[in-house]
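Asks: Before we start, here is the structure in question, set down as C-alpha cells.
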C-alpha cells in the first residue's frame, strides 16, 4: 500500500489556520471560496452573526462556463456586482486553504475588476 498524502485534510488544516486569523464583519464580510472539480462557489459571510450575506456559484441557473479560469473570473464579477448592489465595497478574502493560483486567483481578480476592495 502506498502512503499518499490526504490532500483534503491538508487543505482543511490550512483553512483552519487562516480562519484563526481572519474574520468577517457586516461592514467588511469574509469572501470565502470553495472549489470542487466541476464547480466553484463563493460566499460573503458575516462571522459576527454567523450569517451568509450573499453567494454565487457556477451551479446557478443561467451561469454558463463550467469551472475553468474564465468562469471563475466571471463569477468574481458577479459576486462583486451583487455586493455593490447591497452596499458592500470592501471584503476580507478567504482562499479556503487553496493555493492562490489558477481558479482562485482568477475569481479574486474578477471581483477586484468588479469593484470590490481587498
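Asks: With each run of n ≥ 4 DSSP H residues scored as -39500 (n - 2.57), what mean residue ellipticity at 222 nm is computed for the chain after dividing by its residue count and rounding to the nearest 500 deg cm²/dmol? The partial results should precede the final answer.
Replies: Numbers: 3 runs with 41 residues, N = 118.
About -11000 deg cm²/dmol.
Asks: For a footprinting-style exposure proxy, rank 59, 33 by other Cβ within 10 Å, fewest first.
Replies: Working: 59 12, 33 24.
In order of increasing Cβ crowding within 10 Å: 59, 33.
Asks: A further question on this structure: Please rank 100, 41, fewest neighbouring Cβ atoms within 10 Å first, as an exposure proxy. Mind dumping the intermediate values first?
Replies: Details: 100 10, 41 19.
By the 10 Å Cβ count, ascending, the order reads 100, 41.
Asks: Let me ask you something else. Of 6, 46, 94, how do they rank once you tally other Cβ atoms within 10 Å and put the fewest first?
Replies: Numbers: 6 9, 46 17, 94 24.
By the 10 Å Cβ count, ascending, the order reads 6, 46, 94.
Asks: Turning to a different aspect of this structure: Subtracting the Cα-Cα distance from 0.36 nm times the residue separation, let me have the gained length for residue 90 to residue 10 in nm, one decimal. Intermediate values should be presented prior to the final figure.
Replies: Working: separation 80, 0.36 × 80 = 28.80 nm, distance 2.90 nm.
My answer for the length gained is 25.9 nm.
Asks: Tell me, what is the FRET efficiency for residue 17 and residue 59 to the nearest 0.05, using R0 = 25 angstrom and their Cβ-Cβ distance as r?
Replies: Values: r = 28 Å, r/R0 = 1.13.
It comes out at approximately 0.35.
Asks: Relative contact order for segment 23-113: what percent, with Cα pairs under 8 Å and sequence separation of 6 or more?
Replies: Details: 170 pairs, mean separation 28.6, N = 91.
In percent, rounded to a whole number, it is 31.
Asks: A further question on this structure: Could you give the nm distance between label points at residue 27 and residue 3, where each point is 7 Å from its Cα heading toward the beta carbon?
Replies: 5.0
Asks: Could I ask something else about it? Using Cα-only point scatterers and the Debye equation, what is log10 of I(q)/I(0) for the chain at each q in 0.18 Å⁻¹, rounded to two decimals?
Replies: -0.89
Asks: What is segment 1-40 by shape, rounded, prolate or oblate, if you read a ≥ b ≥ c off the alpha carbon gyration tensor as root eigenvalues and call it rounded for a/c under 1.5, prolate for a/b larger than b/c, and oblate otherwise? Spell out each step's value before the answer.
Replies: Working: a/c = 8.24, a/b = 1.87, b/c = 4.40.
Here segment 1-40 falls in the oblate category.
Asks: May I ask you to derive the FRET efficiency for residue 68 and residue 34 from their Cβ-Cβ distance with R0 = 22 Å, giving the value to the nearest 0.05? It would help to have the intermediate numbers written out before the result.
Replies: Details: r = 16 Å, r/R0 = 0.73.
Between residue 68 and residue 34 the formula returns 0.85.
The numbers here are math on the coordinates, done by the rules we state, and not lab data. Predicted model, so just to flag it, every value in this text is computed and none were measured. All Cβ positions, even for glycine, are placed from backbone atoms using ideal geometry, and neighbour counts span all protein chains on display.
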